[in-house]
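Chemist: Mind looking over this structure? Questions follow.
Quick note: the coordinates plus some simple rules give every number you see, no bench work behind them. Predicted, not measured: the structure shown is a model, and the values here were computed from it. Methodologically, a virtual Cβ is constructed for each residue, glycine included, from the backbone with ideal geometry; neighbour enumeration extends over all protein chains shown.
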Amino acid sequence: MQLRHITRYCYSKAVFCEPFTVRLYPRHDASQHVHSYALQMLPEPAGLSQILDLHDNNTVRIWFKEKTTTLVFTSDAVVETRRTNPYDFLLDRAAERLPFPAGVPGEPLFAYFSKPEGESPNVREFAEQVLESADRQTLGFVCQLADRIYHECDTVIRDEGDALSAEETWRLRSGACRDQAVLFNEACRAVGLPARFVSGYTLCEIKEHERRHLHAWSEVYLPGAGWRGFDPTTGLAAADEHVAVATGRLPHHAAPTDGTFRGTATSTIETEIELRHLTEQEEAAVSG
């Protein structure tokens, strides 16, 4: 898959940009392979540092010297997705049913990702309903949960703003992909499953003249399978149509860009995303 992601900040007056954090480098692991990546910035930064953050995201920290009225990041990548079968795993026997027994592997990270973000009584009730419907089977629970959110929540496009709380999304039965991912995560945590937020891209079909957007979904930690993606906006497990970029316990841990400026100006942000499958000849050239 070839992708280009342009992020453009525009300021009404010249401002001084504080250091920016950029999380646009696609994840490189067993499920996807990054063949090439380039990040261009305008204006040229005074310096940058490539780092691995607490959530294992490939992150660039950038700082500037001069004032500017625009700030543009252009990310280009070629990524090979390799997870054609999202169910190519065998759960640990102790993890086949919920709740898991005491002493699960991975503490304290297991506890960190399975702790609910806040009190959400309606989300907890929803999660318990799904769990009972799945006869407390772990895999059945996550599959039914994604399916229930897909069928019972309307998906909307909301370019800006923080993700809604899980309680609010479930009350409205409506939300953007990031809202539904938060709802999925909190429902998983309500029954003791570790879950995290994922930002990235999906090569779903779009209508003519419709813009592509950054996508969000969830990953659940399943002992014996590791982190596995589930997309509540489609009701399906994430597979080779998904390209993961950044993850975190909360949405802001996986934000594509993060930064502030000094000045009295107003600001706007615009994004352009282009995705396409490579031809067979292009794939052969990339693979060498």
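Chemist: Label-point separation (nm) for Gln50 and Thr266, each offset 7 Å from Cα along Cα-to-Cβ?
Modeler: 3.9
Chemist: Cβ neighbours within 10 Å, averaged per peptide: list 76-87, 241-252 in order, most packed at the top.
Modeler: Result, highest mean Cβ count within 10 Å first: 241-252, 76-87.
Chemist: Let me ask another. When the Cα centres of region 123-194 and region 1-69 are compared, how far apart do they sit, in Å?
Modeler: First find each Cα centre; the distance between them is then 31 Å.
Chemist: Compute the helix-to-body angle for 121-133: its Cα long axis versus the longest principal axis of the chain, expressed 0 to 90° and rounded to tens.
Modeler: Orientation of helix 121-133: about 50 degrees from the principal axis.
Chemist: Also, I was wondering about something else. Along the positive direction of the dipole of region 93-239 (beta-carbon charges: Lys, Arg +1; Asp, Glu -1; about the Cα centre), which of Ala176, Cys143, Ala225 reaches farthest?
Modeler: Of the candidates, Ala225 comes out farthest on the positive side.
Chemist: Using a 10 Å cut-off on Cβ atoms, rank the peptides 90-102, 160-172 from the highest mean neighbour count down.
Modeler: Final packing ranking: 160-172, 90-102.
Chemist: Can you give me the three principal axis dimensions of region 200-259 from its C-alpha atoms, in Å, biggest first?
Modeler: 42, 33, 16
Chemist: Determine, for Ile149, Ile269, Ile157, Ile62, the number of other Cβ atoms within 10 Å of each Cβ, and report the residues in order from fewest to most.
Modeler: Neighbour counts put them in this order, fewest first: Ile157, Ile269, Ile62, Ile149.
Chemist: Based on the Cα gyration tensor of region 93-239, what are the three equivalent ellipsoid semi-axes, each the root of five times an eigenvalue, rounded to whole Å and given largest first? Mind showing how you got there, number by number?
Modeler: Details: eigenvalues 132, 51, 40 Å².
Output for region 93-239: semi-axes of 26, 16, 14 Å.
Chemist: Can you give me the C-alpha center-to-center distance between region 255-288 and region 224-244, rounded to a whole angstrom?
Modeler: Value for the Cα centre distance between the two parts: 21 Å.
Chemist: Shifting gears a bit: Grab the DSSP H runs of the chain that are 4 residues or longer, score each as -39,500 (n - 2.57), total them, divide by all residues and round the 222 nm result to the nearest 500 deg cm²/dmol.
Modeler: After summing the helix terms and dividing by the residues of the chain, the value is -6500 deg cm²/dmol.
Chemist: Considering only DSSP beta bridges whose two residues both sit in region 93-239, what percent are antiparallel, to the nearest 5?
Modeler: Counting only bridges with both partners in region 93-239, antiparallel ones make up about 90 percent.
Chemist: For the chain, modelled as a GNM with alpha-carbon contacts under 10 angstrom, which of Gly192, Gly200, Gly47 fluctuates the most?
Modeler: Sorting by GNM fluctuation, first place goes to Gly47.
Chemist: On to the next question. With a 10 Å cut-off between alpha carbons and a GNM built on the chain, which of Arg276, Arg124, Arg196 moves the most?
Modeler: Arg276
Chemist: I would also like to ask the following. For the chain, count all C-alpha to C-alpha pairs, find those more than 32 Å apart, and express that count as a whole percent of the total.
Modeler: 29
Chemist: Could you work out the relative contact order of the chain, using alpha carbon pairs under 8 angstrom and six or more residues apart, expressed as a whole percent?
Modeler: After rounding, I find 28 percent.
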